[in-house]
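The values are calculated or read from the model by the stated rules, or taken from the named source; none is laboratory data. Keep in mind that what you see is a predicted model, and the values were worked out from it rather than measured. Cβ placement follows ideal geometry from the backbone for every residue including glycine, while neighbour counts extend to all protein chains displayed.
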Amino acid sequence: MKTFLVGGAVRDHLLNYPVREKDWVVIGETPESMVNQGYMPVGKDFPVFLHPVTHDEYALARTERKTAPGYKGFTVHATPDVTLEQDLIRRDLTINAIAMDDEGNIFDPYGGREDLKNRIFRHISPAFSEDPVRVLRIARFAARYQHLGFSIADETLQLMKQMVKNGETNHLVAERVWAELHKVLSEKTPSAFFYTLKKCNALASIFPELDKLFGIPQPEKHHPEIDTGIHSLLSLEQACLLSDKTEVRLAVLLHDLGKGETDKSKWPSHHGHEQAGLPILNQFCRRLRVPKQFKALAVHVMNYHTHCHRISELKASTLTDLLASLNAFKPNSTMLTDFAIACEADSKGRTGLENNAYPQSSYLLKAAEAARQVNTAEVLNSGLKGAEIGDAIRQLRIRAVSLFIKSE
C-alpha cells in the first residue's frame, strides 16, 4: 500500500506554517482492500476513507472528468492503475499538488515548490476552470497567506475572470459559499478574500450586497476613505485586531449594507441607513443560510451602531432599552461585549482614524453594570403581576442608568 501526504499539509509544512489537518492519497488500492485493512469509508462522491487509528482522510488516487456545471458536475475514475501524477494534476494550484512519502521525500511534478518560494498562486491546468469553488478557494488562500506576500499569477487571474464571465460562479450553492465564508472569517486577513473576489469580478455574483457598496460615497469629514465598500473592509480589518470571533467579524462586515440603498440624490449623506439595511441583511442571511447566532449579532450591530457612536447623547430610558435589546441583563450572554467591539471596529475602520480611542465601549459597559446592580427582589415581592413587573424593573434600571449618566 503506497500512501502519500498531499495538499495543504505538505504546502504548510514547506512554508513552516501550522498544519491544520492531514490528507493522504493511496496508490494501487481498491475500496474493498481499504475496508479489509480496517479503513472506514466516508466519501459520498468518491472513495475516501478514515484511518482506523488516526482518523486522517485517505483518498484513492483518482481522475475526474467534467460532465455538468457547478462543483458537483464531475465523473470520478478511481482504480489501482491511477498514478500519483494523474491524481495531483486534477488539483487546483501547483502549491497544492505536492506530495510527500513516509520517508519525507518530496514529489513535485508541477513546480509547486518554486511557486511557494515566489509566493504565487498558479493553477495547474485549464481544468481549474471546471470548478467554480476554486475561485472561492484562491480568495480564501489570499486571506490566509497575504501576510506572507502571496499574489495570484496573471494567467490564473485571467482564467478566474473568464470563469466569472462564463457564469460558472452562478452555480455555487449557498451551503458551499457560507462554508468558505465561515472559514475566511477565521483567517488572518479576511479582507483579502473580498478584494480578490472584487479583482476577478466575482464579488458581484457571489456577494452582490457587498459589491454594491463600492463607489458609494460617505461624508469625507467623517470618512476620509469616502468609499463605503472600502470602509466596510477597513472595519473588518479592525475587527480582526479586536476579536477572534467570527460572529463579530461578520457583523462588522455587513453593518453598512443599508448605504447601498440610499438614493443618489442624497449622497454622501445616508440618513436612516441602519433600518434601510435590515431587509438586505435578512435577504443575505436567508440566501446563504447563515446560522442564527451570526444573524442576531449582525442585526443588532446594523440597527444600533450609530446609537453606540453617540451614546453619551442618549437619554437614560433609550440607553436602558438599548441594553435590554442587547441581552445585557441575561446571564451568560456575550452580545453586549460583542456589540461594543463591533462598534469600535466600525469607528476605527476609517483612514487615518485607526488609532483613535473609543470611550463609548467603556461607557456602554459601565452603564450596563450600573443597571444590573438594581435590586429586583423588591419588585418581585411587591405583588405586581405580569407586564407590571417588567415595567417596574425597567424603571429601576432607568433610574440607575440616569444616576450613572450624571456621574460621568
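See the values below:
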{"quantity": "In the range 392-408, the residues that are within 18 Å of LYS330 (Cβ to Cβ) and either exposed (fewer than 15 other Cβ atoms within 10 Å of the Cβ) or in contact with a Leu (Cβ under 6 Å, 6 or more places away or on another chain) (or both)", "calculated": "VAL401"}
{"quantity": "Residue among GLN275, GLN373, GLN293 that is under 18 Å from the mean Cα position of the chain (by Cα) and either assigned by TED's automatic domain parsing to the domain that holds ALA174 or free of Cβ contacts under 8 Å to residues at least 60 places away in the same chain (or both)", "calculated": "GLN293"}
{"quantity": "Answer from SER129, SER125, SER151 - the residue that is of a type in the set (Ser, Thr, Tyr) and modelled with pLDDT of 95 or more", "calculated": "SER151"}
{"quantity": "Residue list for the range 315-335, filter: crowded, with 21+ Cβ neighbours inside 10 Å and without any contact (Cβ under 8 Å) to a residue 60 or more places away in the chain", "calculated": "LEU322, LEU326, ALA328"}
{"quantity": "Inter-residue pairs, beta-carbon under 8 Å, first basic (Lys, Arg) and in the range 22-48, second surrounded by 13 or more Cβ atoms within 10 Å (Cβ to Cβ) and in a loop (DSSP other than H, G, I, E, B), 6+ apart", "calculated": "LYS22/ASP56"}
{"quantity": "In the range 1-22, residue surrounded by the most Cβ atoms within 10 Å (Cβ to Cβ) [restricted to those that are among the basic types (Lys, Arg) and closer than 18 Å to TYR39 by Cα]", "calculated": "LYS22"}
{"quantity": "LEU213 surrounded by 16 or more Cβ atoms within 10 Å (Cβ to Cβ), under 26 Å from GLY260 (Cα atoms), within 16 Å of the chain's Cα centre (by Cα) and at pLDDT 95 or above", "calculated": "no"}
{"quantity": "Test: ALA239 is of a type in the set (A, V, I, L, M), buried (at least 19 other Cβ atoms within 10 Å of the Cβ) and either touching a Cys at 6+ places or on another chain (Cβ under 7 Å) or touching a residue at least 60 places away in the same chain (Cβ under 8 Å) (or both)", "calculated": "yes"}
{"quantity": "Flag if LYS366 is surrounded by 18 or more Cβ atoms within 10 Å (Cβ to Cβ) and among the basic types (Lys, Arg)", "calculated": "no"}
{"quantity": "Matching residues, the range 262-276, being over 12 Å from THR306 (Cα atoms) and buried (at least 17 other Cβ atoms within 10 Å of the Cβ)", "calculated": "THR262, ALA276"}
{"quantity": "Helices (runs of 4 or more DSSP H) fully within the range 335-405 counting 1 or more residues that are in contact with a helix residue (DSSP H, G or I) (Cβ under 6 Å, 6 or more places away or on another chain) and modelled with pLDDT of 95 or more", "calculated": "335-348, 360-372"}
{"quantity": "Qualifying residue in the range 172-184 (condition: more than 13 Å from the chain's Cα centre (by Cα) and crowded, with 17+ Cβ neighbours inside 10 Å)", "calculated": "yes"}
{"quantity": "Members of the range 140-159 that are surrounded by 20 or more Cβ atoms within 10 Å (Cβ to Cβ) and not in a helix (DSSP H, G or I)", "calculated": "PHE150, ILE152"}
{"quantity": "Residue match in the range 363-370 (condition: hydroxyl-bearing (Ser, Thr, Tyr) and over 25 Å from the mean Cα position of the chain (by Cα))", "calculated": "yes"}
{"quantity": "Residue that is surrounded by the fewest Cβ atoms within 10 Å (Cβ to Cβ) [pool: residues in the range 195-206 that are free of Cβ contacts under 8 Å to residues at least 60 places away in the same chain and closer than 20 Å to ARG286 by Cα]", "calculated": "ALA204"}
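Conditions (1) at pLDDT 95 or above; (2) in contact with a strand residue (DSSP E or B) (Cβ under 6 Å, 6 or more places away or on another chain); (3) under 29 Å from THR156 (Cα atoms); (4) in a loop (DSSP other than H, G, I, E, B), marked per residue:
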| position | (1), (2), (3), (4) |
| --- | --- |
| ASP12 | yes, no, yes, no |
| TRP24 | no, yes, yes, no |
| GLY43 | no, no, no, yes |
| THR54 | no, no, no, yes |
| ARG91 | no, no, yes, yes |
